[in-house]
Amino acid sequence: MNFVYEKLMGGKQGLLGFVLLAALILVIMPMFFDIFRLNLIGKYLTYAFAAVSLVLLWGYGGILSLGQGVFFGLGGYGMAMFLKLEASSPENTKIQSTPGIPDFMDWNQITELPWFWVPFESFTLTIIAILTLPALFAYIIGKAMFTRRVGGVYFAIITQVIAVILTILIVGQQGFTGGINGITDLRTLNGWDITSDSAKYFFYFLNAGLLLTVIVISRFILTSKFGSLLLAMRDKEDRVRFSGYDVAHFKIFIFSFAAMISAIGGAMFTLQVGFMSPSFVGIVPSIEMVIFAAVGGRISLIGAVYGTLMINAGKTAFSESFPELWLFLMGGLFISVVMFFPNGLAGLWNDYAPRVFPFLKEKAKTKDVPPVVTDETGKGTV
């Protein structure tokens, strides 16, 4: 019990923060929002998976990836491929020249299902692919980069280039990917209508439950010895290397794990929204994901969720009320948070939570961070 309380939850303050987040997304929002708004919030929560992955990767590992949209998109396309094949049964596509294949393939005169689409006829294989293929792709990238000690701005630029390449590939291979339009007209999951209100409620709660589970698993990783080493690598990488640890292997693991988390968010996005397109794979969404993490507090898993909700809610509200000015307002919102709250929303929580909740004062230093790592000067770093 003490392990759960201190390690996974982070003591009183961390536990309270987790409970408040769970109450907000599982109880309060479903009570006060209609299905349209709730489905919109569910879409925001799918982005939060990528923001949480960036807290692990960037906040604690010091590895800035500007290509998390790649893994988000891979997970989304994996789920979309399964749903599209189900929607493309011979009965539903009998008016096509080649029944039984997706419509965009028929439009591009493809006469049989490509080999790499075949595994996505199985829901089980689809889930396995969503979890493993993005992680495998990240492993290949990480192995090539980190073993050669490529990091910092160079790694960030390389991930941007990968996002551009994948976007161009998806758009260019229209007959296999749906091109610029993406994969659309997704309506059923194993015969269940995913456009119904009941399905939208189900996917919202599933999405929220998975997000909370990912946060707990991430906390477990960060409070382990691996988490301490990850934090030490961020601040004193050479010292960790000279201590006998293979820094590259640690970076490869956290990069692959972060890719898997982002892919889960992408798969849930497809189920929540009902389509997937290359617009969620490129540089712009990847940079937005970094902004979500920065606004929430790049060393706070829970803060990343609040940052995602705040930015996307602001984007929706500003675009609805001020369609010509909303980009400027969003920029002002981001600049204001960075200037006045450099530690993000999580910093506000750490500073003011003990004042609002007096019972937290005894352990006010307990935050949503792993144990303190001490450097050679004797000063703690977080």
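The values are calculated or read from the model by the stated rules, or taken from the named source; none is laboratory data. Everything numeric in this text was worked out from a predicted model, so none of it was measured. Using ideal geometry, Cβ is built from the backbone for each residue, glycine included, and neighbour counts are taken over all protein chains shown.
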message: Which residue is farthest from A267 (Cα to Cα), if the candidates are limited to region 128-163 and must be surrounded by fewer than 16 Cβ atoms within 10 Å (Cβ to Cβ), of a type in the set (V, I, T) and modelled with pLDDT of 95 or more?
response: I140
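Where residues in region 242-268 are small (G, A, S) and in contact with a Phe, Trp or Tyr (Cβ under 8 Å, 6 or more places away or on another chain), which of them is nearest to F226 (Cα to Cα)?
Among those residues, the one meeting the criterion is A248.
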message: Tell me yes or no: at least one residue of region 183-198 is buried (at least 16 other Cβ atoms within 10 Å of the Cβ) and among the small types (G, A, S).
response: no
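Go through region 292-333 and count every residue that is among the aromatic types (F, W, Y), touching a Ser or Thr at 6+ places or on another chain (Cβ under 9 Å) and at pLDDT below 80.
Applying the first criterion (among the aromatic types (F, W, Y)) to region 292-333 yields 292, 306, 318, 322, 326, 328.
Add one more test, that the residue is touching a Ser or Thr at 6+ places or on another chain (Cβ under 9 Å), and what stays is 292, 306, 326.
Narrowing the set further to residues that are at pLDDT below 80 leaves 326.
Qualifying residue count for the region: 1.
Scanning region 166-190 for residues that are of a type in the set (G, A, S) and touching a residue at least 24 places away in the same chain (Cβ under 8 Å), which turns out nearest to Y60 (Cα to Cα)?
Taking region 166-190 first, the residues of a type in the set (G, A, S) are 172, 175, 178-179, 182.
If we keep only those that are touching a residue at least 24 places away in the same chain (Cβ under 8 Å) too, we end up with 175, 178-179, 182.
Details: G175: 41, G178: 37, G179: 36, G182: 34 Å.
The selected residue is G182.
Filter region 175-197 down to the residues that are among the small types (G, A, S) and out of contact with any strand residue (DSSP E or B) (no Cβ under 9 Å at 6 or more places or on another chain), then identify the one that is farthest from Y306 (Cα to Cα).
Taking region 175-197 and keeping what is among the small types (G, A, S), we get 175, 178-179, 182, 191, 196.
Add one more test, that the residue is out of contact with any strand residue (DSSP E or B) (no Cβ under 9 Å at 6 or more places or on another chain), and what stays is 175, 179, 191, 196.
Values: G175: 39, G179: 33, G191: 35, S196: 28 Å.
Once the filter is applied, the top-ranked residue is G175.
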query: Within the group V295, V281, V290, V247, which residue is within 18 Å of A51 (Cβ to Cβ) and over 14 Å from the mean Cα position of the chain (by Cα)?
result: V295
field: Selection within region 88-127 - surrounded by 13 or more Cβ atoms within 10 Å (Cβ to Cβ) and of a type in the set (S, T, Y)
entry: S88, T93, T98, S122, T126
- request: Evaluate region 117-140: report whether one residue or more is touching a residue at least 12 places away in the same chain (Cβ under 8 Å), assigned to a loop (DSSP other than H, G, I, E, B), more than 19 Å from M260 (Cα to Cα) and not polar (S, T, N, Q).
  value: no
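Name the residue that is modelled with the lowest pLDDT, counting only residues in region 188-246 that are touching a Ser or Thr at 6+ places or on another chain (Cβ under 7 Å) and closer than 30 Å to G274 by Cα. Step through it out loud before you land on a result.
Of the residues in region 188-246, the ones touching a Ser or Thr at 6+ places or on another chain (Cβ under 7 Å) are 194, 207, 235.
Subset that is closer than 30 Å to G274 by Cα: 194, 207.
On the way: I194: 92, N207: 96.
For region 188-246, the residue satisfying everything is I194.
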Hits in region 261-275 (condition: at pLDDT 95 or above and in contact with a Ser or Thr (Cβ under 8 Å, 6 or more places away or on another chain)): I261, S262, G265, G266, M268, F269
message: Go through (1) touching a Leu at 6+ places or on another chain (Cβ under 9 Å); (2) under 19 Å from T184 (Cβ atoms) for P114 and report which single condition fails.
response: (1)
field: Selected residue (only one of A144, A80, A163 is in contact (Cβ under 8 Å) with a residue 40 or more places away in the chain, within 24 Å of I254 (Cα to Cα) and of a type in the set (A, V, I, L, M))
entry: A163
